[in-house]
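Q: Mind looking over this structure? Questions follow.
Please treat every number below as a calculation from the coordinates, not as lab data. Computed from a prediction, not measured in an experiment: that's the story for all the values here. Glycine also receives a Cβ, built like all others from the backbone with ideal geometry; neighbour counts cover every protein chain displayed.
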């Protein structure tokens with residue numbers, strides 16, 4: 001259909017941004033007089049957890065369809081309250097649930113994927129001069145049942161709506177000022193990044209910077225939706241997530257991130273070469289174990305040693321599988337280490353610069369931090385260090401790559 | 001459409017019946033193995049008030065469409081939780097909101113009326129062997145917006161669904177054991193009535209016995225739905241509401257009820273006869289004042305005295321209107337009395353017996369209770385007494401009409 005709203009902007013407000021009546025009133029004040037808008041809201045902070053707790057006190061394994069019907073009420077409450085507040089200010093507004101907004105999804109409850117958005121009702125609302133307030137996180141399947149998109153789903157709703165409505169921009173309002181060069185809690189001089197590429201954001205998001213849901217970044221990249229993350233509470237431009245080609249200067253390192261929820265498993269002296277290794281990883285995959293880093297340390301006497309990391313929560317299952325396989329393969333040693341941290345250095349400039357890994361080793365060696373694994377991608381280098389050195393490693397690398405102009409060698 | 005479920009029963013559970021997870025589990029236990037059912041649920045006790053409080057803390061005059069969208073979430077939460085509980089017990093169940101259950105209403109938000117029910121989805125669910133759990137109190141208008149039926153609306157939903165589904169019976173589960181001959185809190189030997197006629201129930205319901213919403217009784221009468229009110233917590237048959245012709249024995253008095261929320265206004269010596277009186281009541285009606293009892297006490301010298309009652313909450317407005325009118329009409333006196341109680345004696349047998357009013361005066365005279373107004377209908381006599389005598393009057397009348405076989409004269 002024709003895009004009748006060329007200057008439309010989609011604004012999304014997360015749970016803490018609408019966590020109380022006072023905050024909902026504040027959000028309304030941010031929307032007044034801002035031109036053509038479509039607004040997406042999350043459930044009030046804590047509400048989704050409250051509803052999930054109700055469900056889990058009924059049964060440990062609640063029916064997914066009913067969980068979605070239950071959870072869907074959370075965003076509806078916010079959407080109605082925000083619409084009321086706007087109307088009481090003399091601003092035309094109207095709440096839309098997933099079905100009324102015609103956000104179609106597949107029927108996979110709890111983890112539904114958006115299959116299409118019929119924008120006719122929303123565009124009609126905007127043409128009437130209203131601000132449609134759409135419940136994030138949810139849609140409707142072909143049976144007319146409410147579905148939810150999984151944690152962080154409201155970000156996906158917002159970007160998908162921005163794409164479907166051909167919005168000029170999508171603004172994600174949250175409780176942080178944007179994307180930082182690293183975690184400000186451990187590096188006080190972490191910098192707020194004014195711009196970052198989609199690829200970098202994806203690496204940072206997946207690696208633990210809980211600012212944007214990775215699928216929303218994919219959507220923004222695929223549909224070329226200009227996306228910004230900014231604070232609901234502090235004025236500021238926030239961080240724009242842009243195509244790499246729009247970054248004037250391509251920093252070698254944009255951000256440093258870390259996670260401490262992985263377990264390392266090392267198998268030493270596996271006989272049988274690649275065939276044996278393959279069997280272990282095929283079994284892990286079949287059992288639904290997500291393997292993150294893998295590094296194979298050279299073989300001697302036809303025997304291979306290999307290390308890999310899995311999520312802590314899957315550690316026990318993974319170990320069981322590996323031990324069974326090792327008995328069969330007669331591998332001599334299995335070692336587990338949960339006391340680790342993974343630190344990642346991300347930057348699109350790595351595509352054009354070599355030597356980041358070398359610089360990284362230099363910095364860590366200076367601090368006396370031993371690196372037990374390393375894995376690299378086009379725009380990222382991740383290393384595994386002892387858990388106790390995590391903060392020190394992040395600070396040292398931040399100082400080296402993001403504060404100092406060059407690393408002293 | 002063909003009724004494929006001849007033995008279907010509709011069961012409705014009110015807010016206190018589903019007021020906690022424990023109670024929802026108890027309700028599920030009442031539904032297991034009970035044959036073909038359609039269940040209607042209210043919001044968990046306190047939830048509707050919580051949502052209304054959220055709305056009123058946003059604005060004193062919230063948009064009705066948004067209030068309905070907000071309130072509609074209350075029953076959805078109950079419906080999902082109950083469906084989950086049933087499914088976890090191995091009972092097939094599925095929640096339906098007003099739209100999914102295809103309960104069509106007009107577009108009058110907060111006080112919508114049901115205009116039709118397309119039972120195809122519900123019957124399909126029942127045919128699949130499921131128990132559909134329908135959100136009470138709500139429907140959907142032609143625009144696809146959630147509407148609510150007003151306080152007590154879940155009773156209406158239940159009876160309307162029973163009529164549309166051609167159910168054999170409609171069971172209303174609540175926190176009392178049924179309809180009593182009077183308020184058991186003031187008359188300990190009040191009797192639980194096994195059967196009562198629709199007309200009597202309507203009189204009792206309108207007069208303050210908060211057991212069933214009057215509109216649900218009208219629906220049951222109009223669509224000949226066998227209706228029973230019983231307790232969720234105590235086993236028992238409850239009270240059946242039946243057509244008068246099905247009452248084997250037609251008691252002269254079935255119940256005694258009272259209310260203390262009315263104000264009496266007396267205007268003395270109004271000149272101008274019926275024309276002046278008419279003007280006062282037309283003005284009251286135009287201003288939305290609901291007048292309950294009216295009694296005109298004879299005129300002398302061409303002047304009339306008249307008394308009437310209004311709800312306390314409308315007392316001030318009514319008095320203002322009356323005082324303005326009296327100045328204009330040069331009526332000499334206006335008196336207000338808020339210290340009153342209205343006691344009503346209800347029974348279909350009055351149609352066939354005279355002398356109930358006489359018996360009533362005899363009983364009250366014996367107790368020294370003065371009656372300041374009386375109004376009668378075919379199956380009811382209401383009297384106005386001083387507030388302080390309310391409980392005494394109810395007890396004395398209950399003893400006389402419902403415990404003793406005949407009144408001693």
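Q: Treat the count of other C-beta atoms within 10 Å as a stand-in for reagent exposure and order A:10, A:291, B:228 from fewest to most.
A: Fewest to most other Cβ atoms nearby, the residues stand as A:291, B:228, A:10.
Q: Let me confirm one metric for peptide B:52-65, namely the mean number of other chain beta-carbon atoms within 10 Å of its residues' beta-carbons.
A: So the per-residue partner count for this stretch is 5.
Q: Right, another one. Report the residue, chosen from A:90, A:347, A:107, that carries the largest GNM mean-square fluctuation when chain A is represented by alpha-carbon nodes joined by springs under 10 Å.
A: Most flexible of the set in this elastic network: A:90.
Q: When the helix-only estimate is applied to the protein assembly as shown (DSSP H runs of n ≥ 4, each -39,500 (n - 2.57), divided by the residue count), what is the mean residue ellipticity at 222 nm, nearest 500 deg cm²/dmol?
A: -10500 deg cm²/dmol
Q: Taking Cα centroids, how far is the stretch A:136-208 from the stretch A:229-243 in Å?
A: 11
Q: Expressed as an acute angle from 0 to 90° and rounded to the nearest 10, what is the orientation of the C-alpha long axis of helix B:312-329 relative to the principal long axis of chain B?
A: Tilt relative to chain B: about 40 degrees.
Q: Can you give the mean number of other chain Cβ atoms that lie within 10 Å of the Cβ atoms in peptide A:99-106?
A: The per-residue average across the peptide is 1.
Q: Using Cα centres only, tell me the gap between the stretch B:268-311 and the stretch A:323-371 in whole Å.
A: Cα centroid of the stretch B:268-311 versus Cα centroid of the stretch A:323-371: 93 Å apart.
Q: Report the label-to-label distance for residue B:111 and residue B:274 in nanometres (one decimal), using points 7 Å from each Cα along the Cα→Cβ vector.
A: Going by the 7 Å Cα→Cβ label model, 3.0 nm.
Q: Next question, about the same structure. Under the definition of partner shielding as Cβ atoms of other protein chains within 10 Å of a residue Cβ, what is the mean value for peptide A:84-91?
A: 5
Q: How many nanometers, to one decimal and shortest first, lie between the label point of residue B:35 and those of its other copies, if labels sit 7 Å from Cα toward Cβ?
A: 6.5
Q: Say a label goes 7 Å from Cα toward Cβ at residue B:260 in every copy; what distances in nm does this one have to the rest, shortest first?
A: Spelled out, the distances from residue B:260's label point are 6.3 nm.
Q: Here's another thing I want to ask about it. Output needed for the protein assembly as shown: three equivalent-ellipsoid semi-axes, defined as square roots of 5 times the C-alpha gyration tensor eigenvalues, in descending order, whole Å.
A: The equivalent ellipsoid of the protein assembly as shown has semi-axes of 69, 32, 22 Å.
Q: Using the alpha carbon gyration tensor of the stretch B:9-175, what are the three equivalent-ellipsoid semi-axes (square root of 5 times each eigenvalue), largest first, in whole Å?
A: Largest first, the stretch B:9-175 gives 25, 19, 12 Å.
Q: Chain B: which residue's Cβ hugs the B-to-A rotation axis most tightly, distance rounded to whole Å?
A: Closest to the axis: B:73, 2.
Q: For a distance above 30 Å, tell me the whole-number percent of Cα pairs in chain B that qualify.
A: Everything past 30 Å amounts to 50 percent.
Q: I've got another one for you. Considering Cα pairs under 8 angstrom that are at least six residues apart, work out the relative contact order of the stretch B:9-175 and quote it in whole percent.
A: Relative contact order comes out at 30 percent.
Q: Considering only C-alpha atoms, what is the centroid distance from the stretch A:1-77 to the stretch B:1-63, in Å?
A: Rounded to whole Å, the Cα centres lie 24 Å apart.
Q: What ranking of A:20, A:382, A:157 emerges when the number of other C-beta atoms within 10 Å of each C-beta is taken as an exposure proxy, fewest first?
A: Fewest-to-most ranking of A:20, A:382, A:157: A:20, A:382, A:157.
Q: In addition: Taking only Cα atoms and a 10 Å spring cutoff, compute GNM fluctuations for chain B and point out the largest among B:55, B:357, B:83.
A: For chain B, modelled as a Gaussian network with Cα springs under 10 Å, the answer is B:55.
Q: Could you please rank B:9, A:265, B:256, placing first whichever residue has the fewest other Cβ atoms within 10 Å of its Cβ?
A: Ascending number of Cβ neighbours within 10 Å: B:9, A:265, B:256.
Q: Same structure again: Provide, as a two-decimal number, the C-alpha radius of gyration of the stretch B:157-212 over 2.2 N^0.38 Å, N being how many residues it has.
A: 1.27
Q: For residue B:313, place a label point 7 Å out from Cα along the Cα→Cβ vector, do the same in each other copy, and report the separations in nm, one decimal, smallest first.
A: Result, one decimal in nm: 4.8.
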